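The next block holds one structure in the form of structure tokens; read it before the comments.
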Amino acid sequence: VLPKALSLCQDTDIKVRAAMCGQLFTISQTIGTQMAKDKIAPELFELIDDEDKFVARAAFSCLIDMVDFFDVPYRKECFYPIIRTNLQSPPPSIVSLLSSEIGRFLIKIKTDIQGTEDVNLCAAFFKQAATHSDPEVRRLVAYNLPAVVKCLPPSTYTSHLYYATKVLAGDSSTPVRKSIAAGLHEVSNMLGDKAALFLKDPFSLLIHDPDNEVKEYIMMNLDAHMNLFGSQLKGDDKDSFFNGIVGGIVSYAQYYEKKDWRKMASLFTAMGSFPNYFPPTVLYDRFIPILFAYVKSGATSLRPRCCELLVMFTVKLAPPAVVDVYTRVTNELRRSVTCYHRAAYLKIFVFTVEKFSRKFVRERCVESVSELVKDSTAVVRTELAKALLAWRQTLRGSNDQQLVENYTTVSQKLLMDEDELVRGAARQSMDCVRTMEADWSRGTRTGDAEDTLKEAQEGNLTDLVKDLKTNERRHKLKELLRDNEIDGPVRRIPSNQSKPSMLRVPTGGHAAPQSKYTPVSTSKSPQTSSTSVTSKYGPTTTTTTPSSRSKSGVTASSTVAGRPKR
């Protein structure tokens with residue numbers, strides 16, 4: 001068999017010689033190392049110099065496969081000279097092969113590379129290949145970057161590989177940028193405490209990439225990148241870096257918001273660490289609007305995570321901003337006509353109980369939550385039943401008996417709800433409430449110390465909420481009075497006239513007929529004007545009120561003494 005295989009290596013057909021290159025490693029494993037040195041290696045070296053580029057490429061690939069098959073002295077004597085020659089001045093036919101196999105080759109001979117000359121030779125080839133004219137070569141170089149960084153000494157990254165990384169991150173070819181973005185997190189793990197210094201510029205280029213498919217590979221490992229840069233960068237460098245990447249994250253979220261929920265899920269996973277790295281103003285201005293939009297119109301499976309992130313971001317804000325966010329939550333979710341928005345409001349309530357003090361929750365949320373027991377949708381009432389445990393937690397330490405009675409009334413209504421799912425959720429919540437109250441009676445798991453700390457951190461937040469509620473009540477009262485005034489404006493008699501009882505002029509019908517003994521008079525004021533006219537039916541009084549309109553569009557109502565005008 002062996003003579004026949006060796007004769008096929010000299011076959012005149014190109015395809016036959018190329019196919020035999022793929023079989024030489026298997027034959028060598030069968031006949032053993034020594035016979036492979038004597039029989040197979042000479043044929044392999046001859047095929048590497050084949051006149052056909054296709055055959056030479058296949059032979060060089062076989063050479064790389066067999067590197068670790070032979071012992072170190074033989075490799076250094078016979079294999080390495082061939083590889084060095086090709087790395088120094090690579091033939092065009094095998095440049096792409098070397099670019100694709102350099103990572104695997106270096107991993108196999110990693111323990112043999114000790115001299116500075118060999119290290120610089122491999123690093124120089126990699127740096128040169130990163131600027132090759134063929135985009136496929138550059139893509140293969142980007143793919144092998146983590147393996148090259150792992151095998152070569154750290155000093156080569158500063159001298160050669162950093163340049164290659166930055167060039168590849170800004171490459172004009174999208175597949176090249178995809179490849180470098182997919183492996184950047186692996187490179188960061190190998191560079192140690194200097195990773196942030198070397199990778200912040202390539203990372204900034206990739207996260208602002210015009211192609212969102214490139215950003216996708218960065219977002220897959222965004223959490224790891226954020227932890228790396230957050231822990232290694234300090235001071236102004238840290239602030240400048242994180243403020244600089246906000247635009248890339250926001251544009252990515254806005255692009256995939258209604259296109260791919262899986263990509264948004266990956267982003268929301270990483271956003272849990274954002275409060276540690278971004279200032280409150282950025283959270284409020286750039287990221288909270290994204291969460292609001294997704295809570296209202298995003299994928300149902302991701303809404304609970306959005307509600308949690310919304311509360312996590314809000315707790316980091318200043319008190320006025322917190323009040324503003326919860327006002328928006330109430331107006332846009334609690335008062336929404338969509339039942340899923342109201343259900344999302346209850347999820348936000350549960351997370352609010354975890355992050356904010358009981359006092360704040362009682363002042364801002366409990367009243368709105370209790371009103372949802374009258375909701376006509378079973379989905380909302382089910383969420384309310386699930387929130388009973390969190391609601392009960394807010395009542396600990398409260399001296400307001402009305403709050404307790406309101407909670408009891410709502411829980412009883414939910415336990416007797418017409419919907420089975422609502423009743424089941426209420427029963428499950430009440431079982432947890434009884435367990436919690438038993439722990440409280442034993443003095444365990446009270447959470448009083450944590451709640452006191454939350455109150456101290458919130459500062460004047462509760463006072464701002466009280467002021468807001470007072471202003472809201474005043475606004476509602478003014479609207480009520482204005483509505484009543486529109487429905488029936490009051491005509492007042494001037495003080496210089498006799499004081500009959502105040503007359504209310506209906507807007508949609510006729511005024512009450514005046515007595516024929518009513519004196520004829522004409523008076524004008526900014527509010528009303530009346531004019532007397534004498535006709536054959538007797539004196540007529542016309543009263544005009546600018547602020548009122550009848551249903552028929554007439555602005556004045558007329559009466560004739562003793563008889564209504566037809």
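Per residue, how much space in cubic angstrom lies within the convex hull of the C-alpha atoms of segment 61-138?
On the way: hull volume 6.6 nm³, N = 78.
Cα-based convex hull of segment 61-138, divided per residue, equals 85 Å³.
Loop-located trypsin sites (Lys or Arg not before Pro) in segment 241-325 (DSSP state not H, G, I, E or B) with no more than 11 neighbouring Cβ atoms inside 10 Å: Lys259. Stokes-Einstein, applied to the Kirkwood radius of segment 353-407 over Cα pairs at a viscosity of 1.567 mPa s and 4 °C, places its translational diffusion at 111 µm² s⁻¹. Using a simple spin-label model with pseudo-atoms 7 Å out from Cα toward Cβ, Glu371 and Asp463 lie 2.7 nm apart. Quarter the surface of the alpha carbon convex hull of segment 176-257 and you get the mean projected area, 4.9 square nanometres.
Computed over Cα pairs, the Kirkwood radius of segment 301-367 leads via Stokes-Einstein (1.306 mPa s, 10 °C) to a diffusion coefficient of 133 µm² per second. Applied to segment 2-13, the Karplus parametrisation 6.51 cos²θ - 1.76 cosθ + 1.60 on θ = phi - 60° returns per-residue 3J(HN,Hα) values of 4, x, 5, 5, 5, 5, 5, 5, 9, 5, 6, 7 Hz, with x for Gly and Pro.
Semi-axes of the equivalent ellipsoid of segment 1-160: what are they in whole Å, largest first, if each equals the square root of 5 times a C-alpha gyration tensor eigenvalue? Walk me through the intermediate numbers first.
Details: eigenvalues 163, 70, 26 Å².
Output for segment 1-160: semi-axes of 29, 19, 12 Å.
For segment 153-293, pairs of C-alpha atoms spaced more than 20 angstrom apart make up 46 percent of the total. The length gained by stretching the chain between Cys78 and Gln10 to full extension, at 0.36 nm per residue less their Cα-Cα distance, is 22.4 nm. Placing a pseudo-label 7 Å from each Cα along the Cα-to-Cβ vector at Val379 and Asp239 gives an inter-label distance of 4.4 nm. The dipole here belongs to segment 187-240: it is taken about the Cα centre, uses +1 on the Cβ of Lys and Arg and -1 on the Cβ of Asp and Glu, and is about 240 debye. The mean of 1/r over all distinct Cα pairs in segment 113-202, once inverted, gives the Kirkwood hydrodynamic radius of 12.9 Å.
Residues in segment 275-374 average 38 Å² of solvent-accessible surface per residue, probe 1.4 Å, ligands and nucleic acids excluded. Shown here for segment 355-441: GluC sites (Glu not before Pro) in loop regions (DSSP other than H, G, I, E, B) with at most 16 other Cβ atoms within 10 Å, namely Glu418.
Spin-label model, Gln128 to Asp68: label points 7 Å out along the Cα-to-beta-carbon direction sit 2.7 nm apart. The slack between Val250 and Asn212, meaning 0.36 nm per residue of separation minus the straight C-alpha distance, is 12.5 nm. Using the Cβ-Cβ distance between Asn399 and Ala224 with R0 = 51 Å, the FRET efficiency computed as 1/(1 + (r/R0)^6) comes to roughly 0.55.
Do any of Lys386/Lys469; Lys194/Lys238; Lys15/Lys76 go past 24 Å between their Cα atoms, and which? Among Lys386/Lys469; Lys194/Lys238; Lys15/Lys76, the Cα-Cα distance tops 24 Å for Lys386/Lys469; Lys15/Lys76.
Since only Thr158, Pro210, Asn221 are under comparison, the one whose Cα sits farthest along the positive direction of the charge dipole of segment 150-264, derived from C-beta charges on Lys, Arg, Asp and Glu, is Asn221. In a fully extended conformation the segment linking Ser89 and Arg286 would gain 65.8 nm over its present Cα-Cα distance, using 0.36 nm per residue. What the Cβ-Cβ distance of Ala293 and Tyr163 gives, at R0 = 35 Å and to the nearest 0.05, is a FRET efficiency of 0.30.
The values are calculated or read from the model by the stated rules, or taken from the named source; none is laboratory data. None of the values given here were measured: they were computed from a predicted structure. Don't worry about glycine lacking a Cβ; one is built from the backbone with ideal geometry, like all the others, and counts go over all protein chains shown. Note: areas computed on protein heavy atoms with side chains; ligands, DNA, RNA excluded. Shrake-Rupley method; radii C 1.70, N 1.55, O 1.52, S 1.80 Å.
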